[in-house]
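*Asks:* Attaching a single structure in structure tokens format; questions to follow.
The values are calculated or read from the model by the stated rules, or taken from the named source; none is laboratory data. Predicted model only: the values in this text are computed from it and were never measured. Note that we place each Cβ from the backbone using ideal geometry, even for glycine, and neighbour counts take in every protein chain shown.
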């Protein structure tokens with residue numbers, strides 16, 4: 001780990017930290033969504049912070065979880081990768097997700113009772129509604145009343161109108177909510193396919209026209225997506241465990257789950273928390289939230305999403321907010337980590353004043369570790385003795401100040417009661433930015449932090 005060492009890291013005895021070299025299985029893509037993009041059900045929603053389903057398969061096998069008996073927990077469930085693999089493999093699961101837009105999408109991935117005849121009936125109803133509905137003469141004026149400006153820039157007017165009819169028809173159909181949720185997810189998943197703007201994850205560039213989408217028909221694309229999703233369910237059911245398992249999915253805050261998850265109820269934890277890299281999870285679903293009518297502007301997204309998520313982006317922060325001071329329990333229980341972070345935060349506080357953006361990386365770092373401390377404590381409570389918690393994590397270097405998040409998370413775990421921690425280095429990060437003068441020159445890494453209870 002010497003490649004990442006700078007003056008701050010002298011606070012830690014890195015030689016005493018056990019690292020595990022890559023073995024047999026190639027884990028370099030574990031922290032990415034690449035594998036899941038090609039997998040049934042996993043591929044439905046390209047969540048920008050997803051990780052590989054193969055990583056979950058491997059950890060279930062390596063940890064020796066017992067089919068039909070043991071339970072795996074993911075406190076950052078996201079699009080449900082851990083929990084879906086658990087269901088396929090016959091392992092019980094618990095998942096918690098705080099993003100109010102992502103959670104119902106994950107729920108829809110667990111609706112395996114879908115019937116092709118029902119699917120056909122609903123598709124026919126939607127198609128009939130489209131045929132019966134006349135487009136307004138003043139179409140742009142009509143759409144301007146229905147959507148924020150960003151949406152108008154991202155779609156051809158005729159396509160957007162058809163998508164709106166599909167959306168409204170789904171909401172009006174008198175069918176079970178889980179079935180309607182399945183159809184909503186299908187619609188959400190085609191938005192970037194038919195958009196004429198460059199909308200590759202995670203960014204939206206309405207000024208860059210995507211020529212290939214101009215010839216796409218909204219309903220035809222949607223119909224193909226729904227049929228594929230139905231086929232995915234058939235495929236994944238045929239390859240999955242046939243016995244009974246339980247899968248508890250909670251919309252909530254993983255910083256404190258004591259009201260809905262019992263002590264020592266999980267045999268294993270596998271997750272990927274937000275990285276300390278200023279990634280705004282709320283903004284990354286802005287296109288979809290605007291289209292679905294869940295939000296209309298920045299304030300809506302802040303109130304409905306940002307405030308519900310753990311701290312990982314400067315867009316969540318107000319410098320007048322008193323909560324961005326180190327938690328007293330954290331300072332007392334994790335004094336070594338606190339001292340290191342306090343030094344880093346003071347440097348960031350000075351550096352931000354010399355930068356054009358003056359980003360609040362100092363307060364973001366405080367909020368992040370306050371939250372992760374609470375989450376790891378809660379994870380310790382949930383995990384059974386002699387079990388492990390695995391976290392896919394990346395370190396960071398805001399304004400060039402290196403913060404070894406993986407090591408710090410490991411040390412927090414030990415401070416609150418875990419026996420020990422190990423690191424498994426997955427890959428190096430940051431090399432593609434080496435020629436960018438506006439970026440720091442610190443090479444980063446992605447790791448699996450392994451905490452043993």
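*Asks:* Residue 176 is checked against (1) surrounded by fewer than 20 Cβ atoms within 10 Å (Cβ to Cβ); (2) closer than 26 Å to residue 46 by Cβ; (3) modelled with pLDDT under 95 and fails just one. What number does that condition carry?
*Replies:* (2)
*Asks:* For the subset of region 45-68 comprising residues that are in a loop (DSSP other than H, G, I, E, B) and modelled with pLDDT of 90 or more, which member is surrounded by the fewest Cβ atoms within 10 Å (Cβ to Cβ)?
*Replies:* Here the answer is 64.
*Asks:* Regarding residue 329, is this residue assigned to a loop (DSSP other than H, G, I, E, B) and more than 30 Å from residue 156 (Cα to Cα)?
*Replies:* Considered against the rule, which asks whether it is assigned to a loop (DSSP other than H, G, I, E, B) and more than 30 Å from residue 156 (Cα to Cα), residue 329 comes out as no.
*Asks:* Considering (1) assigned to a helix (DSSP H, G or I); (2) under 27 Å from residue 283 (Cβ atoms), say which one residue 99 fails and leave the rest.
*Replies:* Of everything listed in (1) assigned to a helix (DSSP H, G or I); (2) under 27 Å from residue 283 (Cβ atoms), residue 99 misses just condition (1).
*Asks:* Still on this structure: Can you find a residue that is under 21 Å from residue 274 (Cα atoms), touching a helix residue (DSSP H, G or I) at 6+ places or on another chain (Cβ under 7 Å) and modelled with pLDDT of 85 or more anywhere in region 18-36?
*Replies:* no
*Asks:* Within region 403-422, which residues are buried (at least 22 other Cβ atoms within 10 Å of the Cβ) and assigned to a helix (DSSP H, G or I)?
*Replies:* 405, 406, 407, 408, 409, 410, 412, 413
*Asks:* Same structure again: Looking only at region 252-308, how many residues end up being surrounded by fewer than 22 Cβ atoms within 10 Å (Cβ to Cβ) and in contact with a strand residue (DSSP E or B) (Cβ under 7 Å, 6 or more places away or on another chain)?
*Replies:* 9
*Asks:* Would you check if residue 105 is assigned by TED's automatic domain parsing to the domain that holds residue 220, part of a helix (DSSP H, G or I) and touching a residue at least 40 places away in the same chain (Cβ under 8 Å)?
*Replies:* When the stated conditions are applied, residue 105 does not pass them.
*Asks:* In region 322-352, what residues are at pLDDT below 95 and out of contact with any helix residue (DSSP H, G or I) (no Cβ under 8 Å at 6 or more places or on another chain)?
*Replies:* Answer for region 322-352, where residues must be at pLDDT below 95 and out of contact with any helix residue (DSSP H, G or I) (no Cβ under 8 Å at 6 or more places or on another chain): just 322.
*Asks:* Being surrounded by 15 or more Cβ atoms within 10 Å (Cβ to Cβ), modelled with pLDDT under 95, closer than 24 Å to residue 42 by Cα and touching a strand residue (DSSP E or B) at 6+ places or on another chain (Cβ under 8 Å): is that true of residue 233 here?
*Replies:* Criteria not met by residue 233.
*Asks:* Might you let me know whether region 317-324 holds any residue that is within 20 Å of the chain's Cα centre (by Cα), buried (at least 21 other Cβ atoms within 10 Å of the Cβ), outside any helix (DSSP H, G or I) and in the same structural domain as residue 83 (by TED's automatic domain parsing)?
*Replies:* no
*Asks:* Taking the criterion of being more than 19 Å from the chain's Cα centre (by Cα), in contact (Cβ under 8 Å) with a residue 12 or more places away in the chain and not in a helix (DSSP H, G or I), would at least one residue in region 217-237 satisfy it?
*Replies:* yes
*Asks:* Scanning for something modelled with pLDDT of 95 or more and closer than 22 Å to residue 327 by Cα, does region 438-450 turn up at least one residue?
*Replies:* no
*Asks:* Another question about this same structure. Given the structure, is residue 363 under 18 Å from residue 274 (Cα atoms), at pLDDT 95 or above and surrounded by 14 or more Cβ atoms within 10 Å (Cβ to Cβ)?
*Replies:* yes
*Asks:* Based on what the data block shows, is residue 398 under 20 Å from residue 272 (Cβ atoms) and in the same structural domain as residue 422 (by TED's automatic domain parsing)?
*Replies:* Spelling it out, residue 398 is indeed under 20 Å from residue 272 (Cβ atoms) and in the same structural domain as residue 422 (by TED's automatic domain parsing).
*Asks:* Mind listing whichever residues of region 373-394 are within 17 Å of residue 280 (Cα to Cα) and crowded, with 24+ Cβ neighbours inside 10 Å?
*Replies:* 393
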